[in-house]
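Colleague: Let me give you the structure first, and then I'll get to my questions.
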Amino acid sequence: MNELDHKYEVDIILNDEKQKLSKEAKSELMESGMMDEKGKLKIKGVSPKMLKRMKQEYVVCPVMEKEVQFVQCFVCDNFQSRVTGQVLCKGDPLTGNGS
Ligand code: SF4
């Protein structure tokens, strides 16, 4: 019984096509060591199979007010956890990520 402190419950939407990561998202991921120089994602604790699926998902972010690839959402400071097809999002204003 540990209620996480979050502001939004954001639906995760599955898209059959691979979602493209924005340039900003890529450089963020590279900076934090979650993507290598070839653009391959490496996220601790996430299997390649999971990653493949995550690449097909996106959310409509209520903070940035745009579609955001799930991978980017997953590594976002506001990300709390993922439950039954939804992201629990802290909803804090985001700074320093080019948005
Ligand atoms: S966790 Fe970040 S990217 Fe995901 S919905 Fe919240 S603010 Fe947007």
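What follows draws every value from the coordinates through simple rules; no lab data is involved. Since the model is a prediction, treat every value here as computed from it, not as a measurement. Here the Cβ is made from the backbone with ideal geometry for all residues, glycine too, and neighbour counts use every protein chain on show.
Colleague: Which distance in nm do the two modelled labels at Arg53 and Asp77 give, with both placed 7 Å along the Cα-to-Cβ direction?
Modeller: 3.0 nm
Colleague: Still on this structure: Step through the table entries Lys26/Lys55; Lys66/Lys90; Lys20/Lys42; Lys7/Lys49; Lys38/Lys66, compare each Cα-Cα distance with 21 Å, and write down the pairs that go over it.
Modeller: Cα-Cα > 21 Å for Lys7/Lys49; Lys38/Lys66; rest within.
Colleague: May I ask for the longest run of the chain untouched by GluC sites (Glu not before Pro) that are loop-located per DSSP and have at most 11 neighbouring C-beta atoms (other than their own) within 10 Å?
Modeller: The answer is 66-99.
Colleague: Sticking with this one: Extension gain Asp5-Glu17, at 0.36 nm per residue separation less the Cα-Cα distance, in nm?
Modeller: 1.1 nm
Colleague: Between beta-carbons, use under 14 Å as the cut-off and find the net charge around Met35, counting Lys and Arg +1, Asp and Glu -1.
Modeller: Numbers: positive: Lys20, Lys23, Lys26, Lys38, Lys40, Lys42, Lys44, Lys55; negative: Glu24, Glu28, Glu31, Asp36, Glu37.
Taking every other residue near Met35 into account, the sum is +3.
Colleague: Still on this structure, I have one more. Report, largest value first, the span of the C-alpha coordinates of the chain along each principal axis, in whole Å.
Modeller: Principal axes ranked by extent give 39, 30, 24 Å for the Cα atoms.
Colleague: Which of the aspartates and glutamates could a cross-linker span from Lys23 if the Cα-Cα distance has to be under 16 Å and same-chain partners fewer than 8 positions apart are dropped?
Modeller: Glu31, Asp36, Glu37, Glu67
Colleague: Ok, one more. Can you tell me the length gained on complete extension of the stretch Val60 to Asp92, counting 0.36 nm per residue apart and subtracting the Cα distance?
Modeller: Roughly 10.0 nm would be gained on extension.
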